[in-house]
Every structure is written in C-alpha cells, then in structure tokens.
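This report concerns only the one structure given below.
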Amino acid sequence: MNIVQTWNKAVSVMFFPKREWKVIEATGTASSTLGYLVIFSLLIGITSCVRLLFKGVFKVGFEYGIQMVAVVLVGTLLLSLFTYIYSSNFESKATFGKAMQLIVFSLTPVYFGLAIITLVGFYLYFTLIFAVFSIVILFIGLPIMLGTPDKQRWLFTGLIVLTASLLVVVA
C-alpha cells in the first residue's frame, strides 16, 4: 500500500466508516493492513523527530522518533491480539487477521492525532477528540469485521477501550 492509497483509505475510514468497513472486510488483507500500520507509525515517528529537531535536540529527537514507531507498532499489534483473544467471549467469529484489521483501521483518527500532537505539542483535548472518534469507528466495525452481535457490541467495545487504556498506561 503506497502513501496515496493509505491517505485515501484513512479518509474513507474516518468519514465513511460503515461503507469502508464492508470494503475492508471483503477485500482487506493482513499484508495491506500491516503496510497501512507501518506508514502511519513512520509518520508519527517522523513528526516526533521533526518537533524535537526544531528545538535543537537531534539525538534525543531521533531516539524519541524510533521509540514512537516501536510503541505504535507493538501497541497496535498487542491490542489486536487481545481483541482476537476476547472475541470468542462475545460470540464473534474472529481470526487474528480480522481483529488486526479492526484495530488498525479503528485507530486511524488516533494515528492522525498522534502525528499532529507530536508535531505541535501535547494537548489533552485533541487526544480525547481523536480517541472518541476511534471508539465510534470501532463500534461501527465490530459487527461487520468480527460478526459481533448487537447485544454484545457495547461490552466488547468497552473491553477493547479498557485494554487500550491499560496498554497506554503501561507504555
């Protein structure tokens, strides 16, 4: 997946999630999803470096950028793994690939938010806006990607959000 395709997919996921979830479910692959994740994690790492470079701290900026890439990649894959493990408790028909697609594409607003926040500075309000946007996209995608019944969606979404929050605290 190249940068233009990634941009188009991100815009579609954020502004037309119901339609885009159906497209992802039908045509998405684990390799294209990983490409999407790598592009966004690199974007976040680059914006982290750039911000600190403007402050004149090259070595620290470079190291921080690499850490951000690693945290985004590992955190997203861990959340995908937990989602896959939890899915059987919520009558969902998940594979790890589908769980990974659900998490990676649901976190699209968070990826944009992290890129913006690391570039201009940390602002809690922006973080919360992007997080809520991601939760809505996750909620819409659960029945399409994992076949989660409507009666289980709220609880499953809440558990994923709780797990993500714990991963953020640990990171």
Suppose the filter is of a type in the set (A, V, I, L, M, F, W, C) and touching a helix residue (DSSP H, G or I) at 6+ places or on another chain (Cβ under 6 Å); does residue 110 pass it? yes
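Per-residue answers, yes or no, for (1) under 20 Å from residue 30 (Cα atoms); (2) open to solvent by 50 Å² or more (accessible area, probe 1.4 Å); (3) not polar (S, T, N, Q):
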| site | (1), (2), (3) |
| --- | --- |
| 63 | no, yes, yes |
| 68 | no, no, yes |
| 72 | yes, no, yes |
| 75 | yes, no, yes |
| 81 | yes, yes, yes |
| 92 | yes, no, no |
Kindly list, by first and then second residue, each pair from a residue in the stretch 141-153 that is without any contact (Cβ under 8 Å) to a residue 12 or more places away in the chain to a residue that is buried (at least 17 other Cβ atoms within 10 Å of the Cβ) and not hydroxyl-bearing (Ser, Thr, Tyr), limited to pairs with Cβ atoms under 8 Å and residues at least 6 apart or on different chains. 143/153
Yes/no for residue 87 being out of contact with any His (no Cβ under 7 Å at 6 or more places or on another chain), crowded, with 20+ Cβ neighbours inside 10 Å, assigned to a helix (DSSP H, G or I) and at pLDDT below 95: yes
Being in a helix (DSSP H, G or I) and modelled with pLDDT of 95 or more narrows it down to one of 129, 140, so name that one. 140
On the given criteria, is residue 30 without any contact (Cβ under 8 Å) to a residue 60 or more places away in the chain and within 14 Å of residue 102 (Cα to Cα)? no
Cβ-Cβ under 7 Å pairs, at least 6 apart or on other chains, the stretch 154-171 side touching a residue at least 12 places away in the same chain (Cβ under 8 Å), far side surrounded by 14 or more Cβ atoms within 10 Å (Cβ to Cβ) and small (Gly, Ala, Ser): 167/75; 171/75
Does the stretch 1-22 hold any residues that are surrounded by fewer than 17 Cβ atoms within 10 Å (Cβ to Cβ) and part of a loop (DSSP other than H, G, I, E, B), and which are they? 2, 16
I'm told residue 25 meets every condition in (1) of a type outside the set (Ser, Thr, Tyr); (2) open to solvent by 30 Å² or more (accessible area, probe 1.4 Å); (3) without any contact (Cβ under 8 Å) to a residue 40 or more places away in the chain except one. Can you identify the failing condition by its number? (3)
Among the residues of the stretch 100-120, is there at least one that is open to solvent by 20 Å² or more (accessible area, probe 1.4 Å) and of a type in the set (S, T, N, Q)? no
Looking only at the stretch 92-115, which residues are closer than 19 Å to residue 68 by Cα and in contact with a Phe, Trp or Tyr (Cβ under 7 Å, 6 or more places away or on another chain)? 104, 109, 110, 111, 112, 113
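The values are calculated or read from the model by the stated rules, or taken from the named source; none is laboratory data. Worth saying up front: this structure is predicted, and the values here are computed from it rather than measured. Backbone-built Cβ (ideal geometry, glycine too); neighbour counts: all protein chains shown. We work out accessible area using only protein heavy atoms, side chains counted, and drop any ligands, DNA or RNA first. Shrake-Rupley method; radii C 1.70, N 1.55, O 1.52, S 1.80 Å.
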